[in-house]
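What follows is a set of notes on a single structure, which appears directly below.
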Amino acid sequence: MKEQKTKIIATLGPSSDKKETIRDLILQGVNVFRFNLKHNEISWHNKRIKRVQEVANKLKKVVGILIDLQGPEIRIDTKDKKIIQVKKGEKITIGDSFFSKEIQIAVLNKVVFKTLKKGDIFLIDDGFIEMKVVFKNKNLIKAEVIQGGKIKNKKSLNIPKRKIELSSLIDQDIKRLDLITKNKVDFIALSFSRTKKDIDILKKEIEKRKIKAQIIAKIECQEALDNIDELVENSDGVMIARGDLGVEVPIEQLAFWQKNIIKKCRLQRIPVIIATQMLHSMVENPRPTRAEAIDVASAAFDKADSVMLSEETATGKYPIKAVQAMAKILLFNEQKAVFENLQLKPYNVVELIASSVISIVEKQSLLKVEKILVFTESGYTAKVIASFRSRAEIIAITNNKKTAEILTMSFGINPICVPKSYSEKKIFDLLKKKKIVKDKEILAIIHGKQKKKINVFNSFSLIKI
């Protein structure tokens, strides 16, 4: 079965953490599993990361593991973790803890009480709930509901137009990094990344713990947009987290920023993820809305590397159907998308070769090159080729399992891990056995940076197998 080139990231949760469901999710097209460390105990995550790896190994599939840190994000606690229904005009009491019976919501981060002023508007749960401060002291706020709804435990709190001074890594993140190192993790996402300094702080912490993982900067606030170039240049990947971003910046700007950031990431040769509410209605319903189908299709036309499901697979009623719907929409629309040469400027010989390969593949007349075979040690060459968003499938051959796993997030790459002892002939035999390549196919073959001296003439070849 033909697979979509845009990668699918699924958040694991109570709806999807059984072995059988994980297996089905992988078979339906999930490439990376996200673990949201804001929820559940670390033991829950550790156990399920191992479960995902066991299932993937049994299926002989390469999947990536993404952990999502809370970062400088503000979350609420509801009394007894219960859902609170609020209506327009109703008053609600918020404290820095549940020190009084009248307090219905607690915000443990006291910076909120320092930042908010009487008359300020604040938002809960990606802006679905809107409130106005009518009274405030050092540890208590009374707010009037402007837009009502259901308030769930551990949802986000945003204060638009106010800059909140928070550390890029909270104490809970540091503790969880200590515990999560028991498992192999491929990607670490930092919520509310704002500047290069935030990325550098996380880099130091993971280096201390000898964690070999790629850092994903989550773009969720105006400050991140103000510093987008330095975040793109200093991260291994970027997530456009449209939930909080759509609260922090005017909603009419979201589409512009999505397209703008995707282009910047392609130019930097790093993967870019579109996240939040892509198929949100499928939390409750077995089919997506028309608008959601168009949103997912737009991700294919915008040429994102990955799209992400959150509640849809974590707590939704139809996790497998959500992945099936996403995969179908992506596959159809990728085939309709027109190749667009971004005129990527080659930075070195490898990139020059990659550019030449894409030119041959896309402008061919007599030759029909459907697949590009990349021998890569670090994954860099494969990512460079992926940044062109060619119609050709990219098969990345590596001896390093970690390299194979970090390529699970990049557009159009099928990572294959082989033993170092394998000759090229043995690799071709394996690819034929797996039905990845066929007899009489013409392959473009490119050797990455593992060669000490790269010769332009022997680093790229066309062969018929």
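The values are calculated or read from the model by the stated rules, or taken from the named source; none is laboratory data. Every value quoted in this text rests on a predicted model; they were computed, and no experiment measured them. Ideal geometry is used to build each Cβ from the backbone, glycine not excepted, and the neighbour counts take in all protein chains shown.
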Checked the stretch 174-203 for anything closer than 24 Å to LEU245 by Cα and assigned to a loop (DSSP other than H, G, I, E, B); matches are SER191, PHE192, SER193, ARG194, THR195
Within the stretch 228-255, take every residue that is among the small types (Gly, Ala, Ser) and part of a strand (DSSP E or B) and give me the one that is surrounded by the most Cβ atoms within 10 Å (Cβ to Cβ). ALA241
Name every residue in the stretch 13-57 that is closer than 20 Å to VAL272 by Cα and out of contact with any His (no Cβ under 6 Å at 6 or more places or on another chain), in order of residue number. GLY29, VAL30, ASN31, VAL32, PHE33, ARG34, ASN36
Looking only at strands (runs of 3 or more DSSP E) that fall completely inside the stretch 56-143, which ones have 2 or more residues that are over 30 Å from THR195 (Cα atoms)? 84-86, 91-95, 129-136
Which numbered condition GLU252 misses (of (1) in contact (Cβ under 8 Å) with a residue 24 or more places away in the chain; (2) within 22 Å of ILE294 (Cα to Cα)): (1)
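What's the total number of residues in the stretch 279-338 that are among the basic types (Lys, Arg) and touching a residue at least 60 places away in the same chain (Cβ under 8 Å)?
To start, the set of residues in the stretch 279-338 that are among the basic types (Lys, Arg) comprises 287, 290, 303, 317, 321, 328, 336.
Those left that are additionally touching a residue at least 60 places away in the same chain (Cβ under 8 Å): 303, 317.
Number satisfying all stated conditions: 2.
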Against the definition (within 18 Å of the chain's Cα centre (by Cα) and either assigned to a helix (DSSP H, G or I) or in the same structural domain as ASP125 (by TED's automatic domain parsing) (or both)), how does SER298 come out, yes or no? yes
Only one of LEU202, LEU225, LEU179, LEU190 is within 30 Å of LYS47 (Cβ to Cβ), over 16 Å from the mean Cα position of the chain (by Cα) and surrounded by 18 or more Cβ atoms within 10 Å (Cβ to Cβ). Can you tell me which? LEU202
Please go through the stretch 118-152 and pick out each residue that is out of contact with any strand residue (DSSP E or B) (no Cβ under 6 Å at 6 or more places or on another chain), under 19 Å from ARG162 (Cα atoms) and among the basic types (Lys, Arg). LYS136, LYS138
Taking the stated definitions as given, is ALA275 under 19 Å from GLN335 (Cα atoms), buried (at least 17 other Cβ atoms within 10 Å of the Cβ) and at pLDDT 95 or above? no
Select from the stretch 2-20 the residues that are touching a residue at least 40 places away in the same chain (Cβ under 8 Å) and either farther than 30 Å from ALA382 by Cβ or basic (Lys, Arg) (or both) and write down the one among them that is surrounded by the fewest Cβ atoms within 10 Å (Cβ to Cβ). LYS2
Looking for something within 22 Å of MET326 (Cα to Cα), out of contact with any strand residue (DSSP E or B) (no Cβ under 9 Å at 6 or more places or on another chain) and of a type in the set (A, V, I, L, M, F, W, C) - is there at least one such residue anywhere in the stretch 244-261? yes
Given the criterion over 25 Å from the mean Cα position of the chain (by Cα) and surrounded by 15 or more Cβ atoms within 10 Å (Cβ to Cβ), identify the matching residue among LYS432, LYS321, LYS371. LYS371
Tell me yes or no: at least one residue of the stretch 257-272 is closer than 22 Å to LYS7 by Cα and in a strand (DSSP E or B). yes
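I'm checking my understanding of the structure. Among residues of the stretch 319-344 that are part of a loop (DSSP other than H, G, I, E, B) and touching an Asp or Glu at 6+ places or on another chain (Cβ under 8 Å), which one is modelled with the lowest pLDDT? Steps first, answer last, please.
Filtering the stretch 319-344 down to residues part of a loop (DSSP other than H, G, I, E, B) leaves 337-344.
Adding the requirement that they be touching an Asp or Glu at 6+ places or on another chain (Cβ under 8 Å) leaves 339, 341, 344.
Working: PHE339: 74, ASN341: 70, LEU344: 63.
Looking at the filtered set, the residue picked out is LEU344.
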Kindly indicate whether LYS19 is at pLDDT below 95, farther than 25 Å from ARG194 by Cα and either among the small types (Gly, Ala, Ser) or over 16 Å from the mean Cα position of the chain (by Cα) (or both). no
Inspect the stretch 152-174 for any residue being modelled with pLDDT of 85 or more, farther than 26 Å from ILE274 by Cβ and not assigned by TED's automatic domain parsing to the domain that holds GLY64 and give the result as yes or no. yes
